[in-house]
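Q: Take this structure first; my questions come after.
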Amino acid sequence: MSEPAGSARFAARAGSDLRRELLVESWPELGLVAANGPADPSPELVVVDGAVTRLDGRAAADFDVIDRFLVAHGLDLAVAEEAMALPDERLARMLVDVDVPRDELVRLARGLTPAKLARVAGMLDPVELMMALKKLRARRDPGNQAHVTNLKESPALLAADAAEAARRGFDELETTVGVARYAPLNALALLVGSQTGRPGVMTQCAVEERRNLELAIRGLVTYAETLSVYGTEPVFADGDDTPWSKAFLASAYASRGVKVRFTSGTGSEALMGFAQGHSMLYLESRCVSIVRAAGAQGVQNGSISCVALVLAVPGGTRAILAENVLAAWLDLEVASGNDAISSHSAIRKTAKLMGQFLPGTDFVTSGYSVMPRSDNTFGGGNYDADDIDEWLTIQRDWQVDGGIDPVAEGEVLRVRERAARAVQAVFAELGLPSVTDAEVAVATSGHSSRDMPDRDRAADVEAADELLARGVSALDVALALDRRGFVEVAEAVVGMLRQRIAADYLQTAAVIEPDGLVRSAVNDPNAYLGPGTGYRLEGERWELLQALPHVVDPRQLASTNGEIRAIVDTHETARRGDDATEVVVALGPAFGDELRETINGLPHGEVLDAVLEGVREAGGSPRLVRIRRAADVAFIAHDGAVLSGSGIALGLQSKGTAVIHRADLQPLDNLELFGMSPLYTLESYRAMGRNAAGYALGRRVGPVPTELDNFARAKLIVLTTLLHAREAAAVVPGAPAVELARSS
C-alpha cells in the first residue's frame, strides 16, 4: 500500500513569505521568553532607615550595577511604600480605568521596582495595553519620525528626501552613514533638507557618540537617540559602559541644548548572550527604569533592531507593546519602534504596528523609511516609501492620526527640488565637492540612489574631514544659504540654533511647530480620561488626512460616456409573446439610456449586439424589452421570462451582471447567474445569448464557463454602488415593461 500523498495546500504554505522566518518555542534559560519568565524575580522592596536593603529578590550586598543605579537615582522612596503595597491587580485595573488620571499613575510608577512594573504590565491583554498606552502617552497628539539615508550617501538625494519627509509632517528625521567619515556631510544635507521642507523639524545622525556630540555642539544636528542601555550588567560591561556613563553622556548633550533619548528594547540581552535567564519584558523594565533614573526625556523602545527575535517567541508582539506602556508609565517620551523589518509577512508587520498605531505614541515609528527599502542603510525599514499610500489610507480608515500627512505630487516635487538646490548652494559656498545639476534633477524626481550619478567618494570623505577641521557650524550653513538666496531656509536653520539656546525642546515629548512654538508634555499634555476626552482626530486635521491624492470625487464616477443611445424606447407596453423560440433580452431601467457601458467599460451597444448574435446563432428569436419596475437583475430577468414566448429570458443590469431565467422558477432562483461582470468580454455575452436560446429550444446546455477574481469586490465595490444607484434612480415603481428596438 502506497504512502498517502502530502497536502498540496500545506506545501504551498510552506513556500510563503512567513515560512522564511524561524518561530521557536520559549527557552527561558537563554532569555527566549517574552514575559513572565520562570526566573523573573518577585517584586520586592525593603527600606530600612531610608536605605534600600533588598530590591526584587536581591540583598544590598548582591546588587549589580543596575540595582545600585536605580537605588541611587531611580526610586522615589517617598511614594515607594504606598505604590509597592498596591496589589498587582489593583495597579493593572488603574492602568485601564479611564477615571484614574495619568498623573496619578506616573506618581505611583516612581515608587515601583522593575519586577513590579513588569509583572503588572504582563497582566494586561493586548487591548488593555492599548487602552493604557492611549492614556499614558505624554503629549496630546501622536507624532512620527523618519529615516533618511541612501546607499550612495548622495547629499542632493538626502536633502530632497529630508524635505519631502518634513513636508509630510514628520517631526524628527534621522540619518546614518555607511562610511563613518561621511557623517558631517550627511548631517549637513539633512539639516538643509529638513528646514526646506518645514521649519522646526529636528534631525540627528546616528554615529559614534563622540562624533555625534561634536555634530550636535556645532548645531548640525539637534537631537540624539543612540545612547543604548541594557537590562543586565554583563551587557553593559561588554560595551565598556555603565548606567552612570550613559547618564553623564546624556547630560553632555542636554547641557548643549540637544534633545536626547535613550535606546533600549526587548531581546537585546538574549541576542548578546547575557539575558541571565530572565524574560525580555522584565529586562526591558530594568532598561526603562534606568532611562528615567538617568534623567533622559525619553526612550526609543519597541524592540528596535531585535524585533524579529522577539516575534520569534510566543507573545513577542504583546511584550513589545507592554514595553512601550512601561516607558510611558514612567513618564518618558516614547519613540515606539516599528522601524526595523519585523517580518516578511505583510499581515504580521501590520498586526505588530497596530499596537502603537491605534492608541498612538509620541513617535509611532522611529523611524519610517521615506526612501525605498533598498536605500535604507539602517538595515531595511519596516515601512518605506512604497508603503506611504497604505499608511495614509489606514489613517483614513481608522480615523487615527499616525503622524504622516498626504501631500500632492506637485508639492513634493517642489520641495524636493528646492532642497536639492539649497544643498547644492551650500556645498558650493563652503568649498565642498560640487553637487551637479544632474544630481539635483534626479534627486527631485528619481526613485532611488540607483538612479543618481556617481560621486567621487574619496573626495567627499576628505571634504568631510576638512569641514570638521575648519570648525564649520550650522551658523556657517545659514550664512551660506543666505548668500545664495535661500533666505527662508537660512532663517529656519538660525531658528533651530535659537531653539538650542532656549532649550524648550528638552521637555518630554517635545516637537517644534513651523512657527517655532514648542509643544511637549508640559504645555500640551495628554489628558485622556475616556470617550470624548484627550486627542480626537477631528476638524482641520481630520479634513487634511481624508484628502489623499488618490481619493476621487464619487460624483465624477459612473457618468454617462459619449456613446449614442444603444436602444430606442417604443413606449409600447410589452405583452406575453407566443413564439416558442423567443428569448427575451430584458434590460435594466438605465441600460443604454442613463448608463451606456458596463463596469469594465464595454459599450452597451456592443454588449447587446453580442447577446443578440448569440441568440440567433443558436436558433432563437431575440426580443428586447425594458423592465422599469426593478433594478435587481433577478427580477429583471424573471419579469422578462414571464413575457417570453419560450418562458426564457436573459436579464442584463447596466453594470453588466446577467441572469438566464425561466418563468416557472422563483425570482431569486435561476438557470445561470453571471455575477462577475468585470471579467466578461463580448464573447462571454455572445455565449450567454447562445445558452439562453438553447434553454428556449429545449436543448441540452452546458453552463457558460465562468472566471473568478477574488479582488473584484475590493477593487470595484464603490463603482458598483454608484452604477447601481444610477440604475435604481431610473426605476419607476409599478411601471409595466416596454418594448425596445436596437438603434441603428
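Every read-out reported here was derived from the displayed coordinates using simple, explicitly stated rules and does not represent laboratory data. The model shown is predicted, which means the values in this text are computed figures rather than measured ones. All Cβ positions, even for glycine, are placed from backbone atoms using ideal geometry, and neighbour counts span all protein chains on display.
Q: Measure nothing fancy, just the Cα-based angle from helix 243-255's long axis to the longest principal axis of the chain, in degrees from 0 to 90, nearest 10.
A: 80
Q: Please work out how much length the chain gains when fully extended from Ala351 to Val568, using 0.36 nm per residue of separation minus the C-alpha to C-alpha distance, in nm with one decimal. Working shown, then result.
A: On the way: separation 217, 0.36 × 217 = 78.12 nm, distance 5.51 nm.
Separation in residues times 0.36 nm, less the Cα-Cα distance, equals 72.6 nm.
Q: Residue-wise, which Karplus ³J(HN,Hα) couplings in Hz belong to region 211-216, taking 6.51 cos²θ - 1.76 cosθ + 1.60, θ = phi - 60°, and x for glycine or proline?
A: 5, 4, 5, 4, 4, 5
Q: Place the peptides 574-581, 682-689, 332-339, 648-655 in order of packing, highest mean first, counting for every residue the other Cβ atoms within 10 Å and averaging per peptide. Display every interim value, and only then the final one.
A: Numbers: 574-581: 14.5, 682-689: 21.4, 332-339: 31.2, 648-655: 29.8.
Put in order of decreasing packing, that is 332-339, 648-655, 682-689, 574-581.
Q: Still on this structure: Just going by the charge dipole of region 18-110, with Lys and Arg at +1 and Asp and Glu at -1 on Cβ, which of Leu70, Val46, Ser26 is farthest out on the positive end?
A: Value: Ser26.
Q: Please compute the length gained on full extension between Glu390 and Ala5, using 0.36 nm multiplied by the number of residues separating them and subtracting their Cα-Cα distance.
A: 134.5 nm
Q: For Lys352, go through the aspartates and glutamates and keep the ones whose alpha-carbon is under 12 Å away, minus same-chain ones fewer than eight residues off.
A: Counting by Cα, and skipping residues close in sequence, Lys352 has these aspartates and glutamates nearby: Asp339.
Q: Quick one: which residues, 5+ away or cross-chain, put their amide H under 5 Å from the amide H of Arg139? H built at 1.01 Å from N.
A: Excluding prolines and chain starts, which carry no amide H, the hits are Asn526.
Q: Quick one: net charge around Gln507, please, counting Lys, Arg +1 and Asp, Glu -1 for every other residue with C-beta under 12 Å from its C-beta. Provide the component values of the computation, followed by the final result.
A: Values: positive: Arg139, Lys259, Arg519; negative: Asp331, Glu333, Asp362, Asp504, Asp524.
Taking every other residue near Gln507 into account, the sum is -2.
Q: Where both residues lie in the chain, what percent of DSSP beta bridges are antiparallel, nearest 5? Intermediate values should be presented prior to the final figure.
A: Details: 26 of 60 bridges.
Looking only at bridges with both residues in the chain, the antiparallel portion is about 45 percent.
Q: Let me ask another. Setting aside same-chain residues fewer than 8 positions from Lys246, which lysines have a Cα under 17 Å from its Cα?
A: Cross-link targets: Lys259.
Q: Assuming R0 = 25 Å, what is the FRET efficiency of Val46 and Arg107, from their Cβ-Cβ distance, to the nearest 0.05? Can you show the working numbers first?
A: Values: r = 21 Å, r/R0 = 0.86.
FRET efficiency, Val46 to Arg107: 0.70.
Q: For region 356-484, with only Lys/Arg (+1) and Asp/Glu (-1) charged at the beta-carbon, what is the dipole magnitude about the Cα centre, in debye rounded to 20?
A: So the dipole magnitude of region 356-484 works out to roughly 300 debye.
Q: Taking 35 Å as R0, compute the FRET efficiency from the Cβ-Cβ separation of Asp465 and Leu271 and round it to 0.05. Walk me through the intermediate numbers first.
A: Numbers: r = 34 Å, r/R0 = 0.96.
The value I calculate is 0.55.
Q: For the charge dipole of the chain, defined by +1 on Lys and Arg C-beta atoms and -1 on Asp and Glu C-beta atoms about the Cα centroid, which residue among Thr113, Gly619, Thr263 has the Cα displaced farthest towards the positive pole?
A: Checking the options against the dipole of the chain, the answer is Gly619.
Q: Now for a different question. With θ set to phi - 60°, apply the Karplus curve 6.51 cos²θ - 1.76 cosθ + 1.60 along region 320-330 and write out the HN-Hα couplings as whole Hz, x wherever there is a Gly or Pro.
A: Each residue of region 320-330 in turn: 5, 4, 5, 5, 4, 4, 4, 5, 5, 5, 7 Hz.
Q: Here is a further query. Count charges around Glu390 for me, please; just the other residues with Cβ under 13 Å from its Cβ, Lys/Arg as +1, Asp/Glu as -1. Please list the in-between numbers first.
A: On the way: positive: Lys349, Arg396; negative: Asp384, Asp386, Asp387, Asp389, Asp397.
My count for the surroundings of Glu390 gives -3.
Q: Which of the peptides 602-611, 182-191 is most tightly packed, and how do the rest follow, judged by the mean count of other Cβ atoms within 10 Å per residue? Walk me through the intermediate numbers first.
A: Numbers: 602-611: 20.8, 182-191: 28.4.
Ranked by mean Cβ neighbours within 10 Å, highest first: 182-191, 602-611.
Q: Hey, another quick one. May I ask you to derive the relative contact order of region 491-650, considering only C-alpha pairs under 8 Å and at least 6 residues apart, and to give it as an integer percent? Please report the intermediate quantities before stating the final value.
A: Numbers: 177 pairs, mean separation 34.2, N = 160.
Normalised by residue count, the contact order of region 491-650 is 21 percent.
Q: Given 0.36 nm per residue, what is the gain on full extension from Leu679 to Ser434 after removing their alpha carbon distance, in nm? Can you show the working numbers first?
A: Numbers: separation 245, 0.36 × 245 = 88.20 nm, distance 5.48 nm.
Between Leu679 and Ser434, full extension yields 82.7 nm more.
Q: Moving on. Taking Cα pairs under 8 Å and at least six residues apart, what relative contact order does the chain come out at, in percent?
A: On the way: 1613 pairs, mean separation 102.4, N = 744.
Dividing the mean separation by the residue count of the chain yields 14 percent.
Q: Under unit Cβ charges (Lys, Arg +1; Asp, Glu -1), what dipole magnitude, rounded to 20 debye, does the chain have relative to its Cα centre?
A: Values: 74 positive and 102 negative charges, 208 e Å.
That gives a dipole near 1000 debye.
Q: Output wanted: per-residue J couplings in Hz (rounded whole) for region 67-80, from phi through Karplus 6.51 cos²θ - 1.76 cosθ + 1.60, θ = phi - 60°, x for Gly and Pro.
A: 4, 5, 5, 5, 5, 6, 10, x, 9, 8, 5, 5, 10, 4
Q: If you fit an axis through the alpha-carbon atoms of helix 155-167 and take the longest principal axis of the Cα set of the chain, what angle between them do you get, 0 to 90°, nearest 10?
A: In the chain, helix 155-167 runs at an angle near 70 degrees to the longest axis.
Q: Continuing with the same structure: Could you grab the Rg to Rh ratio for the chain? Cα atoms only, Kirkwood for Rh. Show your work: numbers first, answer last.
A: On the way: Rg = 33.3 Å, Rh = 29.7 Å.
Taking Rh as the inverse mean 1/r over Cα pairs, Rg/Rh reads 1.12.
Q: Identify all aspartates and glutamates with a Cα-Cα distance to Lys116 below 15 Å; exclude those on the same chain that are fewer than 8 residues away in sequence.
A: Cross-link targets: Asp40, Glu44, Asp56, Asp67, Asp76, Glu81, Glu82, Asp88, Glu89, Glu284, Glu323.
Q: What 222 nm value per residue comes from the helices of the chain, counting each DSSP H run with n ≥ 4 as -39,500 (n - 2.57) and dividing by all residues, nearest 500 deg cm²/dmol?
A: Working: 28 runs with 312 residues, N = 744.
Result for the chain, helices only: -12500 deg cm²/dmol.
Q: Give the Rg/Rh ratio for region 567-742, taking Rg as the radius of gyration of the Cα atoms and Rh as the Kirkwood radius, to two decimals.
A: That ratio is 0.94, to two decimals.
Q: Going by the alpha-carbon gyration tensor, a ≥ b ≥ c the square roots of its eigenvalues, is region 24-141 rounded (a/c under 1.5) or, if a/c is not under 1.5, prolate (a/b greater than b/c) versus oblate? Mind showing how you got there, number by number?
A: Details: a/c = 2.07, a/b = 1.16, b/c = 1.79.
Since a/c reaches 1.5 but b/c is at least a/b, the shape of region 24-141 is classed as oblate.
Q: Given the options Ser343, Ala634, Leu332, identify the residue whose Cα lies farthest towards the positive end of the charge dipole of the chain (+1 on Cβ of Lys, Arg; -1 on Cβ of Asp, Glu).
A: Ala634
Q: With r defined as the distance between the Cβ atoms of Ala729 and Val551 and R0 fixed at 22 Å, what FRET efficiency is calculated, to the nearest 0.05?
A: Working: r = 24 Å, r/R0 = 1.08.
Efficiency, from the Cβ-Cβ distance: 0.40.
Q: What is the dipole size for region 567-742, taken about its Cα centre, with +1 at each Lys and Arg Cβ and -1 at each Asp and Glu Cβ, in debye to the nearest 20? Write down the numbers at each step before the final one.
A: On the way: 18 positive and 22 negative charges, 31 e Å.
Value, rounded to 20: 140 debye.
Q: May I ask for the net charge around Val370, where only other residues with Cβ less than 9 Å from the Cβ of Val370 are counted and Lys, Arg are +1 while Asp, Glu are -1?
A: Values: positive: Arg168; negative: Asp161, Glu164, Asp384.
Spelling it out: positives minus negatives among the neighbours equals -2.
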